[in-house]
């Protein structure tokens, strides 16, 4: 056991059992998997992906490149960092080697998403973030604080000591310069009389949570920062409960946040140094070791060497020494280490090697000794490394902020902020606790002031407007740069040491997760690569799922060294969302299973379901495809339904067709401009079929137009194009012809519509509508009547899409089920679905837009020259119909095809060729089959096809290219059934 | 996934009303049991009269409508007026610069303002053209076009509004069955909506008297805020079952 006897933010009263790599272990609430593993003495956690080298725990946060684990129980989750997995009872996990395992069963957990709006979003609940939130909320602003940790405090959670007492007072009262921490790095504490930092953080967060307009979100990582201050965060709500997670509670929640201002208080990541063997288990970031000691009461080793370029590692060394780790030496690469820190560690008997480096970490499987640059070898099981601190600028850069290299810090720091974004604390390079508290408060105040003051914080303004810009262009101090102390000296005393030179750099690891070494980078620059983006792609450094959080500055610095230029000239690679990996399940939220996409149903849907209809999707609509009876397959059911329509009467639910009322004094002229044929001459009471083209002359949609009155039409559209046609109409009305006095109103779902078709249709209708004069003379084809059907107010249109005598009965949608039942209760009508409808219309050669057309088909190609008005001055697409290409004789025409084998059903999409035996490629295609069925009326198979010069080939023998060879087919007119229309007109 | 959202409901229920003869009306969510939690309540308000009005807000038709309604058509984006009393009780929702939705208590009736659930005569199932202002016995004769006014079975509200619009250029269209209304109420109603609606629903931004067309989950809706944390969600009838199931799912944590 390496757990200290006391201390830490863990609950020792409870023991959590877990299993790792087959070993049964224990930990406590408050542990991460990483801290529990360290406490249990587990040093090797994973295996590197390329070289199979042992890897341990390197960090204490989401920047972890090494300790990648697979959760197996309670539910498989791949590629998690042990440093961010909160320990729970029953956890079963194992170390990975670069690749995880997806669950082989559906995830039973719930996931959801929520939209949120606020005046100020503060990212990070460390000292700067909490100060910012408190300042921003002081005036009643709507504030959200999102923090990735289970409790607030950020870096304070890893510190032993206090925060300045003044910071519990209102933000403006924070005393400046009272703590004498100048030169401390970072957030060194333990010197003040204030309460422990974590307690201050908890109290501050609690105080914030009590405010009605403030929301504090723990366990919430902001992963994306987009234009207009739209941010995406993921809240982990039950994963830390393991199997005890309540099933009703969403496991993860995606927050989509719109913030008027954003304060980024995202802190800093410590970075490593490249030297031989720097990947061995036992090599750990100094700040991480400090966090393990203070927060988790875990000693990550017994005998340690410290290798640093800054002061922070001294604080780590002292904390670990205090906890019982023997610190053998501090190798401080700086020629002149900070004298105060040097003295303090010497008081603890720790030797400081000024200008010293670690040349190699040695060991098999883990660190057993450390060799310093002067050749001394220390027996040690722990090597603490601190190569400096990188401000976490990921979100800042995602949204367009630029960074610059700061020579004082030896790091890239925020430079020009995007609109309405503030950066505070360590995220902009500040290094002392006092400064971070004050900076956060100032940022929060600025954010609140930029909202425009006044009593209302309603948040109705748009981000990035008004006074927002002022802050962005303010003083240099406010522009995100590193603030200097009053005496003008940089607060940080960073020292550039990126790698310890050696002849063999093949174990100088830069990107631990991708196993990229200094040698790899040298190979890349040696091959002539100069751009850090190219080096990244060539070596894969920074491309693993940690996205190079620890290697992000090391790589450009080493590239710069190789090229002999300053690192600022090399720059950083692009920062892209997400900041940390996000599960697909979280992104899917509740949009899965039955809620994956809306299912649209007609008023009669319940009946269809009860009768066992097989449905097909038409866009989002569910439409009955056929109604199989006992023992029937699809072919049998469709044939029976077709025969019923051809021989008696069938009914179909056609409520899904789009319906648009077009009203106004210019309605007739408007429709004349949109349809290819004349609509203005249509008489009230009559119906006309119409085709619309796009401006390119290609068929866009078709349907019937009913003239209700002089100034009023009802246009129907195809099911799939209902919204598109309305948009099309509005586009022309609003942008091209605003002078036309026309209003378009969708009434698609106002009506339920039943198609009644077949030779017996009139008889059935007459029985249901005794007040309707239904004789052919009184109610001819292509007219409509308002009447009552089965006691319901109804509009009956005499139109046919089957070639039979047919009506479409429209009633208010609430009456749809009653009408449907009334029609079927006559006992003379067979319900039929879309498949039978397809067969019936195809026998008549009626095209379906979108099936028999594909956006390259003109009305003439469909054989509808008669639909193209010669009388109208213009209509949309008219000019295109006279282009040389659209009048070619060999354009593909819609024709019928009759296979010589009357039982052969040619698959839709089949290519058609001229020759019985395929010549050598290239083979010219004559066209393809668009629809193919077994026709009930025809008593044989048939097809519709688009065939080059097809109308000139009627009677010709061409060939369908099938898997088993070519099948001969006869080209025919597309109208194969009742070409005279006698049945329809009956 | 949602529970309690049957594919088909029973033949009676809040959304099913027996009309004349066999003409039984059925609302899109008929048969879906209302939800009555402490923090979330949810129920369909079926069979409202809904009329889509298009007109120039400064024109003659708008003036006629305003006079008839006793209140100007709202011109401030994202607001609604009402309920207007003294007329068939109705509310007027701003949908666009020249577009409104007028919603009355009961659809499908040629009579004025019958109370909800007013029985067969008010149920819109009676013979059309029998009384009220439904134009010219449009649907009764069954022998020809209606002469340019109402559609068969349209609401009395639509007919009255059309008459009020007069001869000015306007479109007054009965869309009572185009959408149904889900009433969502309770202290967690805003939270439920926030799971699927990108609008800022803060009471100071989206308080009583405001409305907006937006998306809720993957459905287009008209959302209107009322008093006492109550919202009306107008949704296309074909999307209603989907949205109901989605709302039930989104409300899971608030129904415990």
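The values are calculated or read from the model by the stated rules, or taken from the named source; none is laboratory data. Owing to the predicted nature of the structure, the values given are computational and were not obtained by experimental measurement. Neighbour counts run over all protein chains shown; Cβ positions are idealised from the backbone, glycine included.
Can you name every residue in segment A:649-683 that is without any contact (Cβ under 8 Å) to a residue 60 or more places away in the chain and in a helix (DSSP H, G or I)? Break it down into steps so the answer makes sense when it comes.
Here is the first cut: in segment A:649-683, the ones without any contact (Cβ under 8 Å) to a residue 60 or more places away in the chain are A:668, A:671, A:679-683.
Hits for segment A:649-683 are A:668, A:671.
Within segment A:773-790, track down each residue that is free of Cβ contacts under 8 Å to residues at least 40 places away in the same chain and at positive phi.
Of everything in segment A:773-790, just one residue is free of Cβ contacts under 8 Å to residues at least 40 places away in the same chain and at positive phi, namely A:790.
Yes/no per residue for (1) outside any strand (DSSP E or B); (2) more than 29 Å from residue A:497 (Cβ to Cβ):
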| position | (1), (2) |
| --- | --- |
| A:390 | no, no |
| A:405 | no, no |
| A:409 | yes, no |
| A:426 | yes, no |
| A:434 | yes, no |
| A:437 | yes, yes |
| A:441 | yes, yes |
| A:445 | yes, yes |
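Going residue by residue through segment A:767-783, is there one that turns out to be within 14 Å of chain B (Cβ to nearest Cβ), more than 42 Å from the chain's Cα centre (by Cα) and assigned to a helix (DSSP H, G or I)?
Within segment A:767-783, one or more residues are within 14 Å of chain B (Cβ to nearest Cβ), more than 42 Å from the chain's Cα centre (by Cα) and assigned to a helix (DSSP H, G or I).
(1) within 14 Å of another protein chain (Cβ to nearest Cβ); (2) more than 30 Å from residue A:451 (Cα to Cα); (3) more than 25 Å from the chain's Cα centre (by Cα): which one isn't true of residue A:269, the others all being true?
Of the numbered conditions (1) within 14 Å of another protein chain (Cβ to nearest Cβ); (2) more than 30 Å from residue A:451 (Cα to Cα); (3) more than 25 Å from the chain's Cα centre (by Cα), the odd one out for residue A:269 is (1).
In the list A:279, A:310, A:332, which residue meets the criterion of being buried (at least 22 other Cβ atoms within 10 Å of the Cβ) and either in the same structural domain as residue A:9 (by TED's automatic domain parsing) or under 27 Å from residue A:31 (Cα atoms) (or both)?
On the way: A:310 fails: either in the same structural domain as residue A:9 (by TED's automatic domain parsing) or under 27 Å from residue A:31 (Cα atoms) (or both); A:332 fails: either in the same structural domain as residue A:9 (by TED's automatic domain parsing) or under 27 Å from residue A:31 (Cα atoms) (or both).
Criteria check complete, one pass: A:279.
When you scan segment B:113-127, do you find a residue that is modelled with pLDDT of 90 or more and either within 9 Å of chain A (Cβ to nearest Cβ) or in contact with a strand residue (DSSP E or B) (Cβ under 7 Å, 6 or more places away or on another chain) (or both), even just one? Don't jump to the end; show me each part of the working.
Taking segment B:113-127 as the starting set, the residues that turn out to be modelled with pLDDT of 90 or more are none.
Within segment B:113-127 (the criterion being modelled with pLDDT of 90 or more and either within 9 Å of chain A (Cβ to nearest Cβ) or in contact with a strand residue (DSSP E or B) (Cβ under 7 Å, 6 or more places away or on another chain) (or both)), the answer is no, since none of the residues qualifies.
For segment A:716-754, what are the residues that are away from chain B (no Cβ under 11 Å), part of a strand (DSSP E or B) and closer than 15 Å to residue A:666 by Cβ?
Listed by number, the list is empty, since nothing qualifies.
Yes/no per residue for (1) under 44 Å from the mean Cα position of the chain (by Cα); (2) within 14 Å of chain B (Cβ to nearest Cβ); (3) in a strand (DSSP E or B):
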position: A:635; (1), (2), (3): yes, no, no
position: A:640; (1), (2), (3): no, no, no
position: A:687; (1), (2), (3): no, yes, yes
position: A:690; (1), (2), (3): yes, no, yes
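Kindly indicate whether any position in segment B:224-232 is surrounded by 21 or more Cβ atoms within 10 Å (Cβ to Cβ), within 26 Å of residue A:253 (Cβ to Cβ), modelled with pLDDT of 95 or more and facing chain A (nearest Cβ under 10 Å). Full working, then the answer.
Pass one, segment B:224-232, residues surrounded by 21 or more Cβ atoms within 10 Å (Cβ to Cβ): B:224-225, B:231-232.
Now narrow it down to the ones that are within 26 Å of residue A:253 (Cβ to Cβ): B:225, B:231.
Now narrow it down to the ones that are modelled with pLDDT of 95 or more: B:225, B:231.
Subset that is facing chain A (nearest Cβ under 10 Å): none.
Scanning segment B:224-232 turns up no residue that is surrounded by 21 or more Cβ atoms within 10 Å (Cβ to Cβ), within 26 Å of residue A:253 (Cβ to Cβ), modelled with pLDDT of 95 or more and facing chain A (nearest Cβ under 10 Å).
When residues of segment A:865-923 are filtered for being in contact (Cβ under 8 Å) with a residue 60 or more places away in the chain, under 43 Å from the mean Cα position of the chain (by Cα) and under 30 Å from residue A:670 (Cβ atoms), how many remain?
Counting residues in segment A:865-923 that are in contact (Cβ under 8 Å) with a residue 60 or more places away in the chain, under 43 Å from the mean Cα position of the chain (by Cα) and under 30 Å from residue A:670 (Cβ atoms) gives 9.
Does segment A:614-633 hold any residues that are within 11 Å of chain B (Cβ to nearest Cβ), in a loop (DSSP other than H, G, I, E, B) and touching a strand residue (DSSP E or B) at 6+ places or on another chain (Cβ under 6 Å), and which are they?
Passing the criteria: only A:620.
Test of understanding: among B:84, B:75, which residue is modelled with pLDDT of 90 or more and outside the structural domain of residue B:207 (by TED's automatic domain parsing)? Give the derivation first.
Details: B:84 fails: modelled with pLDDT of 90 or more.
Going through B:84, B:75 in turn, just one is modelled with pLDDT of 90 or more and outside the structural domain of residue B:207 (by TED's automatic domain parsing): B:75.
Could you go through segment A:318-329 and let me know if any residue there is surrounded by fewer than 21 Cβ atoms within 10 Å (Cβ to Cβ), out of contact with any strand residue (DSSP E or B) (no Cβ under 8 Å at 6 or more places or on another chain), outside the structural domain of residue A:289 (by TED's automatic domain parsing) and in contact (Cβ under 8 Å) with a residue 40 or more places away in the chain.
No: segment A:318-329 contains no residue that is surrounded by fewer than 21 Cβ atoms within 10 Å (Cβ to Cβ), out of contact with any strand residue (DSSP E or B) (no Cβ under 8 Å at 6 or more places or on another chain), outside the structural domain of residue A:289 (by TED's automatic domain parsing) and in contact (Cβ under 8 Å) with a residue 40 or more places away in the chain.
Only one of these is surrounded by fewer than 22 Cβ atoms within 10 Å (Cβ to Cβ), touching a helix residue (DSSP H, G or I) at 6+ places or on another chain (Cβ under 9 Å), closer than 23 Å to residue A:747 by Cβ and not assigned by TED's automatic domain parsing to the domain that holds residue A:627: A:849, A:868. Name it.
Numbers: A:868 fails: closer than 23 Å to residue A:747 by Cβ.
After ruling out the rest, the residue left standing is A:849.
Applying the selection to segment B:198-216, what residues are buried (at least 22 other Cβ atoms within 10 Å of the Cβ) and within 14 Å of another protein chain (Cβ to nearest Cβ)? Break it down stepwise before answering.
Narrowing segment B:198-216 to residues buried (at least 22 other Cβ atoms within 10 Å of the Cβ): B:201, B:206, B:211, B:216.
Within segment B:198-216, B:201, B:206, B:216 meet the criteria.
Starting from residues that are in a strand (DSSP E or B) and facing chain B (nearest Cβ under 9 Å), keep the ones in segment A:790-820 and report whichever is nearest to residue B:50 (Cα to Cα). Lay out the reasoning, then the answer.
Filtering segment A:790-820 down to residues in a strand (DSSP E or B) leaves A:792-797, A:806-812.
Of the ones still in play, those that are also facing chain B (nearest Cβ under 9 Å) are A:792-796, A:810-812.
Values: A:792: 19, A:793: 18, A:794: 19, A:795: 20, A:796: 23, A:810: 18, A:811: 16, A:812: 13 Å.
Out of the qualifying residues, it is A:812.
For segment A:570-611, what are the residues that are in a loop (DSSP other than H, G, I, E, B) and at the interface with chain B (Cβ under 8 Å from one of its Cβ atoms)? If you could, list the steps in order and put the result at the bottom.
Keep residues of segment A:570-611 that are in a loop (DSSP other than H, G, I, E, B), which gives A:571-583, A:589-592, A:596-599, A:601-604, A:611.
Selection gives A:590, A:591, A:597, A:598, A:599, A:601, A:602, A:603.
Given the criteria assigned to a strand (DSSP E or B) and surrounded by fewer than 18 Cβ atoms within 10 Å (Cβ to Cβ), does residue A:260 qualify? Walk me through it before giving the result.
Numbers: assigned to a strand (DSSP E or B): yes; surrounded by fewer than 18 Cβ atoms within 10 Å (Cβ to Cβ): no.
No, not satisfied.
Can you list the strands (runs of 3 or more DSSP E) lying wholly within segment B:155-253 that have 2 or more residues being within 18 Å of the chain's Cα centre (by Cα), over 23 Å from residue B:82 (Cα atoms) and not assigned by TED's automatic domain parsing to the domain that holds residue B:61?
Details: elements: B:170-174, B:179-185, B:211-216, B:219-225, B:230-236.
Here the list reads B:211-216.
Kindly list the number of the only condition in (1) assigned to a helix (DSSP H, G or I); (2) within 14 Å of chain B (Cβ to nearest Cβ); (3) crowded, with 24+ Cβ neighbours inside 10 Å; (4) out of contact with any helix residue (DSSP H, G or I) (no Cβ under 7 Å at 6 or more places or on another chain) that fails for residue A:837.
(2)
Need the failing condition index for residue B:220 against (1) in contact with a helix residue (DSSP H, G or I) (Cβ under 9 Å, 6 or more places away or on another chain); (2) more than 9 Å from every other protein chain (Cβ to nearest Cβ); (3) surrounded by 22 or more Cβ atoms within 10 Å (Cβ to Cβ), just the number.
If we test residue B:220 against (1) in contact with a helix residue (DSSP H, G or I) (Cβ under 9 Å, 6 or more places away or on another chain); (2) more than 9 Å from every other protein chain (Cβ to nearest Cβ); (3) surrounded by 22 or more Cβ atoms within 10 Å (Cβ to Cβ), just (3) comes out false.
Say whether the condition of being in a helix (DSSP H, G or I), in the same structural domain as residue A:908 (by TED's automatic domain parsing), farther than 25 Å from residue A:643 by Cβ and out of contact with any helix residue (DSSP H, G or I) (no Cβ under 6 Å at 6 or more places or on another chain) is met by at least one residue in segment A:956-976. Even if it seems obvious, please write down each step before you answer.
Applying the first criterion (in a helix (DSSP H, G or I)) to segment A:956-976 yields none.
Checked against the condition, which is being in a helix (DSSP H, G or I), in the same structural domain as residue A:908 (by TED's automatic domain parsing), farther than 25 Å from residue A:643 by Cβ and out of contact with any helix residue (DSSP H, G or I) (no Cβ under 6 Å at 6 or more places or on another chain), segment A:956-976 yields no hits at all.
Considering only residues of segment B:69-80 that are surrounded by 16 or more Cβ atoms within 10 Å (Cβ to Cβ) and in contact (Cβ under 8 Å) with a residue 40 or more places away in the chain, which is nearest to residue B:159 (Cα to Cα)?
My answer is B:69.
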